[in-house]
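Presented below is the structure to which this report refers.
Values in this text are rule-based calculations from the coordinates and carry no lab data. Because the structure is predicted, anything quoted here is derived from the model rather than measured. With ideal geometry, Cβ positions are generated from the backbone for all residues, glycine too; neighbour counts draw on all protein chains shown.
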Ligand SMILES: [Zn+2]
């Protein structure tokens, strides 16, 4: 998969009427006239030459207020995962070359170097990819949405904030989103995705909350390293992209620029 388009959180294409309304409104380079003390009360927008209207957030440094285009966290994390995946594949190949050397020619230092670099890239990849999915499910649930759980004697109602805080990402993904959108991912595909996402979650959890499992066995962290080596990186990346695009078409969009950046 090529690198994706790095998108802002909010962006609109203005039509001719909107452009003239904007030009007649007198709105212009407000940033320069807003004092840093008040900057946080404003949301800045950029009007680009190709008539896009893009949301920014204010950032004050040395008494000056700047307007930073607010990135979309879902694409930001996904792009991060892609960045590390690029190095991960190379690093895995290098590590495998070290592992497969005959025992007499084995260079422990080189093998450890390769393991460290491979594993660092894997940790970043898995964490970013899972974060992308996690950010997506929280972002896409509408503000006013309520999730009802009907029991025998009563009905529980969860609002967006309660869902965000107390439901697992998997529950949001597989139980809440199909109700929000009244759409289901095709059964066979969903089964596959569930397996892939569960593996990704396992890896992410092992990385974030690394546990020592060595009381009964000296290889206390083997599980984590073996998972990293056996993980299907491309399947996980595609699954996350497909799930996101199922609910928000084209949010994850390959960039056609042809540059490897
Ligand atoms: Zn590009």
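Here are the numbers:
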{"item": "Evaluated at q = 0.13, 0.15, 0.19 Å⁻¹: base-10 log I(q)/I(0), Debye formula over Cα of the range 107-261", "result": "-0.75, -0.93, -1.22"}
{"item": "Order by protection proxy (mean Cβ within 10 Å, highest first), peptides 119-131, 182-194", "result": "119-131, 182-194"}
{"item": "Length-normalised contact order of the range 38-162 in % [C-alpha pairs under 8 Å, at least 6 apart]", "result": "19"}
{"item": "0 to 90° range, to nearest 10: angle between helix 108-140 axis and the chain longest Cα axis", "result": "40"}
{"item": "Scattering profile of the chain at q = 0.09, 0.10, 0.15, 0.16 Å⁻¹ [log10 I(q)/I(0), Debye over alpha-carbon scatterers]", "result": "-0.59, -0.71, -1.19, -1.26"}
{"item": "Cα pair distances in the range 37-130, grouped into 5 Å bins until the bin that holds the longest one, percent each", "result": "3, 12, 13, 11, 10, 10, 10, 9, 7, 6, 5, 3, 2, 0"}
{"item": "Folded to 0 to 90 degrees: helix 233-247 orientation relative to the chain principal axis, Cα", "result": "30"}
{"item": "For the chain: relative contact order, % (alpha-carbon pairs under 8 angstrom, 6 or more apart)", "result": "19"}
{"item": "Prolate/oblate/rounded label for the range 161-231 (Cα gyration tensor, a/c 1.5)", "result": "oblate"}
{"item": "Per-peptide average of other Cβ atoms within 10 Å, ordering 226-233, 18-25, 85-92 highest first", "result": "85-92, 226-233, 18-25"}
{"item": "Helix 73-99 axis, angle to the chain major axis (alpha carbon atoms, nearest 10°)", "result": "20"}
{"item": "Mean separation of Cα contacts under 8 Å, 6 or more apart, over the residue count of the range 128-214: relative contact order %", "result": "26"}
{"item": "Sorted by Cβ density within 10 Å, fewest first, the residues 93, 75", "result": "93, 75"}
